[in-house]
Ligand SMILES: [Zn+2]
């Protein structure tokens with residue numbers, strides 16, 4: 001402001017200088033603005049991802065035989081639908097240049113032949129998924145599940161993020177918004193995962209779990225079995241990731 005006051009005090013010569021200084025000042029402010037905007041964008045990324053990196057994502061299809069997960073009202077099996085959506089998500093993400101690591105690509109869980117009981121297989125399975133997270137250099141673990149509840153009217157999506165990676169909450173919210181936009185699903189809850197979810201308790205990398213809907217709700221079960229609905233869910237999740245990580 002003082003630049004403008006000075007022109008009246010010191011005359012026309014200084015008025016020219018003042019205009020130049022004003023231009024320098026304005027340019028400086030524009031640069032500060034650009035820098036601030038850039039910093040805000042960078043700070044919105046997950047801590048472990050730098051712009052220019054190849055985004056690396058673990059896509060986890062929940063369950064796997066002998067653990068089928070939830071069973072729908074007409075007999076659909078959760079692990080099958082999880083896998084179909086996970087494979088679709090892999091395809092869309094890879095098309096966007098993302099490096100995808102799948103925890104499983106067939107109907108079987110991740111266990112060893114020596115695991116001679118369902119319980120042992122289940123423990124092995126969880127530990128192996130955790131091991132994949134630990135050994136990978138992935139930026140994100142995203143797990144696909146279906147829900148089930150004794151009250152058959154329960155419906156909608158639930159999105160959880162690992163409480164030890166609070167920085168990923170905005171991505172969970174992005175996924176919520178995109179799924180809402182693309183599928184029209186009306187109940188979406190984003191919350192920090194509770195400790196009963198083994199892989200979400202204390203994961204070594206940011207982790208998000210998407211419960212895509214209730215297989216105990218006949219209407220939702222029907223939708224979740226549709227190829228087109230599964231594709232839209234996968235597309236919505238991939239789109240949220242693309243925007244969040246500002247992929248080229
Ligand atoms: Zn599940």
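A few points about this structure:
- Pairwise FRET efficiency - residue 94 versus residue 191, Cβ, R0 = 51 Å, nearest 0.05: 0.95
- Here the range 214-248 and the range 115-166 have alpha carbon centers that stand 17 Å from each other.
- Highest mean packing first, where packing is the average number of other Cβ atoms within 10 Å per residue, the peptides 211-222, 110-121 line up as 211-222, 110-121.
- Whether the range 102-248 is rounded, prolate or oblate, judged on the alpha carbon gyration tensor where a/c under 1.5 counts as rounded: oblate
- Each of residue 54 and residue 119 was given a label point 7 Å from its Cα along the Cα-to-Cβ line. The distance between the two points is 4.3 nm.
- The range 114-183: C-alpha gyration tensor shape, a/c 1.5 cut-off, then a/b vs b/c: oblate
- Using C-alpha pairs under 8 Å with a sequence gap of at least 6, the mean separation divided by the residue count of the range 132-227 gives a relative contact order of 46 percent.
- Near-label residues of the range 69-97 by backbone N, under 19 Å of a point 7 Å along Cα→Cβ of residue 198: 69-71, 78-80, 82-83
We did not get these values from a lab; they are worked out from the coordinates using the rules stated. Since we're looking at a predicted model, the values are computed, not measured. We place every Cβ from the backbone using ideal geometry, glycine too, and count neighbours over all the protein chains shown.
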